[in-house]
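Just below is one structure, and these are the notes that go with it.
Taken together, the values in this text are just the output of simple stated rules run on the coordinates, not laboratory data. All of these numbers come straight from a predicted model, not from anything done at the bench. So basically every Cβ, Gly included, is an ideal-geometry build from the backbone, and we count neighbours across all protein chains shown.
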């Protein structure tokens, strides 16, 4: 059993501190496992998209989706990044990269009433 140490600070409540021997070093696998890789990948996906780095965001979203296929927002961000890379075809319609429509539809499958559902419907309508 690990030992707890008590420290009394003037004017502060009694604090319980774990002895330093139970904290892993910063470079140990235990610390790496303390962070959920799916959450980290999704956060990277969102941050890269917000930074305007669409291609990097798409790759991060793919990783987030692989780690947590039920994360609807990862599909939305991926689709948004892909949609941003769309071109206008000779017929005046959007031509989106492969995977865009699939990601939009997957978002709606997972979160039909989600916060981005109206955006997804608008994007799909723009492709008609």
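Given the peptides 93-99, 40-46, 52-58, arrange them by the average over their residues of other C-beta atoms within 10 Å, most packed first. Walk me through the numbers on the way to the answer.
Working: 93-99: 13.9, 40-46: 19.1, 52-58: 16.9.
Most protected by this proxy first, the peptides run 40-46, 52-58, 93-99.
List 121, 116 from most exposed to least, where exposure is judged by having the fewest other Cβ atoms within 10 Å.
121, 116
Please give the peptides 109-115, 65-71 ranked by average Cβ packing (other Cβ atoms within 10 Å per residue), highest first, as a rough proxy for protection. Before the final figure, lay out the partial values.
Working: 109-115: 12.3, 65-71: 15.4.
So the order, starting with the most tightly packed, is 65-71, 109-115.
Please state, as a whole number in µm²/s, the translational diffusion coefficient that the Stokes-Einstein equation yields for segment 36-126 at 20 °C and 1.002 mPa s, with Rh defined as the Kirkwood radius across alpha carbon pairs.
164
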